[in-house]
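Below is one structure, written out as structure tokens; comments come after it.
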Amino acid sequence: MADSRAVRTAGSATGGAARHPGTTRLEKTIRWLFAGWVLVLFLSRFFYVAESADQGDTLWIVAGWITAALGWSLLSWIWPSTQFQLGWLGVGVALLFGGEAISTLQIVLGSGDQRTAINLAWEALGVVIAWFILHQHCGSFQFRRELLAALLATGVTSAGLGLYQHYVDFPQMAAKYAPLFDRLKQADPNKAASIRKELASENIPTDGPALILFEKRLRDSREPLGFFALANSFGGFLAVSLILAVSVVASRIRAGNRWSGKQLTLWIVVFLVLGWALLLTKSRTAWLGTGAGLVLLMLLSGRTLLTVRGLQYCVGVGAFLLFFGWGLTMFGGLDRQVLTEAPKSLQYRLQYWQATTRMIADQLLFGVGPGQFRSHYLRYKLPEASEEIADPHNLFLDVFASGGIASFLGLVLIGVVLFKDLGTEPETEAPVSGANPQWGILLASIAAVAWLLLLLSGADDRLLVVLPVAMGLFWGLCRVLDGIQAETSLLRAGWHAAAFTLMCHLCGAGGIGMPAISLLLLTLIDCGTVHRPGLQNSMRGKVDIRWLPLSAFSLLLLCGLITTGIRPISITQAALMSGDRLVTKGQLSAAELEYRKGEQADGWSSESTRRRAELSYRQAAADHFRSNESFLNAVQLLNDAKRRNPTYFRDDVRLAEWWMERWRASQNSKDAAQAVAALERAWDRYPTNAILMSELAIACQRAGKLAQAREVAEKALRQEAINREWGHVDRYLEESRKRELESLIGETAS
């Protein structure tokens, strides 16, 4: 029985090549090519900014996964040998993403940011397809071994990039842009406009709280980011890589393998680079997750680390980490504030969680929808909180808020699957005789093609260096892992511990909404789960026509993705860029045509309509609002943009600014009253914004609503006092505005 189970498991990823002596060389080659394509698709998530999925920037990866689904269905039809099995993990995945799919429908019907919801719906589908295909491959230890080498190579390469950012790239940015910020504060209006234009060309905020936060981070922070937008997300990925590396080393210790000089050097570099970059991220949640993962790994390792040799390694690693941490502190890589401000960071998170819990109570069944958290959260944000966060910094609250109760139950079930198999010995598999050299050649070829495509599409030029280094490191790690011919309990425990590390990190940090992070978590759990022959459909030697409809469905999905995602987004982005260039040249009519083209291409996006509104307002302002038609057209266009994203409070703020500018020209209280109405709508969506309240108070005064003006001004000053008490410098009112509000209160009181 054990032998039959071993043979079955060993061949599941390669389509039965190990099980059936009749497998042809052509079938085996094609299946290895397909497995390589799957692995490259999985890793491609970590070489692109993970946080940009909501903008549609990574839909090309989804297209790759749909193509892989088409290929998998065709292979299963031509050579029907697939072991189709899902189990409880599949039920959890279905609930998790099914809840988000239902939530997306209500957004598309008009209750939120439609374009973002559509993008993330496609991304969620891509994750489900990716997990399904990876699930069929993760039953093979040979695939898991190659996946382990690939993850470690990606982690170490990203960590090396992070070190470069910390010591070279970010200091150069500070030296370049910090003087511009100093000049901006002292410049006259004409010079300030020129400086803002220069900053905007580099996608740097030019005013408001965003500018304050960017300047503060640029001057005071050097946390590496890798290919992520946030150091916390990068730290979570590095923590996973570090735990996997520890499991490999611990497995070799248990096996009593001797280390060659090259192998010892390689593992020293792996731990040095990963640990160094992880510490520099200053991600306390990633550190805690790493500690939790190491503890779990030790508990699951049995007596491996309790031997004399194991204890020697532990003492040596511990001493090295202490010395390493001391060295980083001495040379400025770390500071005491990382630890001393931990209670404040926890306090902030408690504020996020409290507000999110109230929000979930109002959206219990379906949640607010994917990508909609921030716009809804602002209504519930506590007065003492500062950040306009994009997620609640908690794994379970994030899922519950986005997908409702179904998604939450799915996540709980996935966690149960993880802990259910803790400590379970892996099934005995047929030994693997070293790494197949096709892997290195195959992945190098595919990665080279992907690399060229990325460069031709204008992607990050850092890939010129990073991808070749990652491929070389992958090849070296494959050679090192040659000696591991069958999975041990420690390697299985490593997958468990890595998944547990990531979950612990995500309980205090955001990221589960990123396709890269959610797919990573599911894959780690899948690799650590015992693949039993339970729910499966063995088709060896059969022709099953069900794969033909599946192939057709994959083609329909690909067409749908291109039609509703990739094509309209690419056309709109090109139109917006072209329109913006024409505006800088003063060719407003031509810019209007470009924006209209983007608007017609994407009926779910509001940005093209918003740009058209700005153009129309610009024409009205240039005419000193003598043309009522241009102004009302601008208002109408902005209201059209709001209908595609009704929860975006800044549209109402912008609308109020327009009405107030018209009031300054007309001195008509009706114009000020329109501004009041717009600001009241914005305030309803963001009731703790002192700046917004101050604008409303001034507008009420201009509209002759003195009692309301005084009431709102008092609330604005109370919120300002709270902001100063908590040290939220990006939320402070300007001194001139404070004096204006105090004067308003005094005048209305008399």
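Spatially, the stretch 652-714 and the stretch 139-169 are offset by 52 Å when compared through their Cα centroids. In terms of the mean number of neighbouring beta-carbon atoms within 10 Å, the peptides 361-371, 379-389 order highest first as 361-371, 379-389.
Students often check this: by mean Cβ neighbours within 10 Å, which of 155-163, 670-678 ranks highest, and how do the rest follow?
Numbers: 155-163: 24.7, 670-678: 21.6.
In decreasing order of mean packing, 155-163, 670-678 become 155-163, 670-678.
Rounded to 0.05, the FRET efficiency of the ASP57 and THR24 pair, given R0 = 41 Å and the Cβ-Cβ distance, is 0.50.
In what sequence do CYS559, CYS507, CYS138, CYS700 fall when counting other Cβ within 10 Å, fewest first? Write down the numbers at each step before the final one.
On the way: CYS559 11, CYS507 19, CYS138 23, CYS700 26.
Lowest to highest Cβ neighbour count: CYS559, CYS507, CYS138, CYS700.
Computing Rg and the Kirkwood Rh from the Cα coordinates of the stretch 648-750 gives a ratio, Rg/Rh, of 0.97.
Each reported figure results from applying straightforward, stated rules to the coordinates on display, with no laboratory input. Here the structure is a predicted model, which means the values were calculated and not measured. Positions of Cβ are backbone-derived with ideal geometry, glycine not excepted, and every protein chain shown enters the neighbour counts.
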